[in-house]
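To keep things clear, I will list the structure first and then write my remarks on it.
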Amino acid sequence: MKFSKAGVCAVFLSLLSVGHVMAEAANSDGQVRPNVVVLATGGTIAGTAASETQTTGYKSGVLTGEALVASVPSISKVANITAEQVSNVGSDNMDNEILLKLAKRINVLLKRDDVSGVVITHGTDTLEETAYFLNLVVKSDKPVVVTGAMRPSTAIGADGPSNLLQAVTVAADSEARDRGVMVVLNDRIGAARFISKTDANSLDTFQSLENGYIGRLVNQKPQFDQKVTRDHTQATPFDVSKLDMLPKVDIVYGYQNDNGYMVDAAVSHEAKGIIIAGVGAGSASKFVIPALDKAIAKGVVVVRSSRTGSGYIPMDEAYPGLLGNNLNPQKARILLMLALTVTKDSSEIQKMFNRF
Ligand code: ASP
């Protein structure tokens, strides 16, 4: 096959912009831009459906990270991108093994002088869990941004391309340093500590109830309004570099007529920790309380949280267990897994819940 000079040049330039990480470097138009690595894990952003109107029941995690980046040509005006595939799963199948692999890779990448920031593409269903995990284990102040999409790549009005462009824009911005891990979708910049998926279908599903966003994007420019004061990233004691697995922590949901045997089930499956997604401010039925007492007597660490998804858990002698602060149950589970890699001491773990 014969290549024209212009064709060879174009391939060479696209390899420079998409294929390789270099020091902050001039792009095809001679502009110097930061290097950002996109780590793709799957999700709807990489999903495809049979028609442009199908927005449920499609297949998540089909397109590769490179294909996602290639579908948004204006990204090359913002940063030099390298795309890597960490996994290609719907985030319902995100697990501790992938979390650890992702975190270790990010820490290796961010140690390099020639990497300015990292973007993770992820399914939205459990995105907040991965974002909060990274918020606790990334050892760098460089920007780490998690993004996803509510509509598959084939949908009319797909939100993935815009979310990816915005996430890369934030990751390439030096103002974005030292803000903890960020979640960028739908023009909003949220803190991993506070943001949650609040609706199963709508585009503006990621909300930061009570705490607000840390910034927004206007005309493709990040506007930062506040910094999270909770300790994160380099200020935590969590070191994933030597971890191959995380301690098993289960979540037990509270409800009327709850008779406590879900707690027994978690203990018999050797949970090292249990998060109670309690009713209201972390309350539990009179049948759950003895089940929790038994679990604690066996050395299981119990943390109370609220199934309402927001609000603080107050001290209440009537209920056993540590206080999950204002973490929702799924984020409390992430913190308890990490806490248990460092200590089994309840008062130390409580301090971590107060702090992170
Ligand atoms: N089920 C998808 C996932 O979490 C939903 C999404 O990405 O929006 O992977």
The residue that is farthest from the ligand (Cβ to nearest atom), considering only those in segment 31-43 that are assigned to a loop (DSSP other than H, G, I, E, B) and within 18 Å of the chain's Cα centre (by Cα), is T41
Look through segment 69-83, keep the residues that are of a type in the set (S, T, Y) and crowded, with 21+ Cβ neighbours inside 10 Å, and return whichever of them is farthest from T147 (Cα to Cα). S76
Those residues of segment 117-144 which are more than 16 Å from the ligand (Cβ to nearest atom) and under 18 Å from A40 (Cβ atoms) amount to G117, V118, L134, V138, P143, V144
Examine segment 121-144 for a residue that is small (G, A, S) and either surrounded by 24 or more Cβ atoms within 10 Å (Cβ to Cβ) or out of contact with any Leu (no Cβ under 7 Å at 6 or more places or on another chain) (or both), and state whether such a residue exists. yes
Given the residues G212, G180, which is the only one that is over 16 Å from the mean Cα position of the chain (by Cα), assigned to a loop (DSSP other than H, G, I, E, B) and in contact (Cβ under 8 Å) with a residue 12 or more places away in the chain? G212
Scanning segment 183-195 for residues that are assigned to a loop (DSSP other than H, G, I, E, B) and crowded, with 24+ Cβ neighbours inside 10 Å, which turns out farthest from the chain's Cα centre (by Cα)? F194
Has segment 311-334 got at least one residue that is surrounded by fewer than 18 Cβ atoms within 10 Å (Cβ to Cβ) and of a type in the set (G, A, S)? yes
Pairs returned, first residue in segment 51-62 that is in contact (Cβ under 8 Å) with a residue 24 or more places away in the chain and under 16 Å from D159 (Cβ atoms), second residue that is hydrophobic (A, V, I, L, M, F, W, C) and surrounded by fewer than 16 Cβ atoms within 10 Å (Cβ to Cβ), beta-carbon separation under 7 angstrom, 6 or more apart or interchain, are E52/I156; T53/I156
Give just the number: which of (1) over 21 Å from N186 (Cβ atoms); (2) of a type outside the set (K, R); (3) within 16 Å of the ligand (Cβ to nearest atom); (4) surrounded by fewer than 24 Cβ atoms within 10 Å (Cβ to Cβ) does V108 not satisfy? (3)
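Read the figures in this text as sums done on the coordinates, not as results from a lab. Predicted, not measured: the structure shown is a model, and the values here were computed from it. Every residue, glycine as well, gets a Cβ built from its backbone with ideal geometry; the counts of neighbours run over all protein chains shown.
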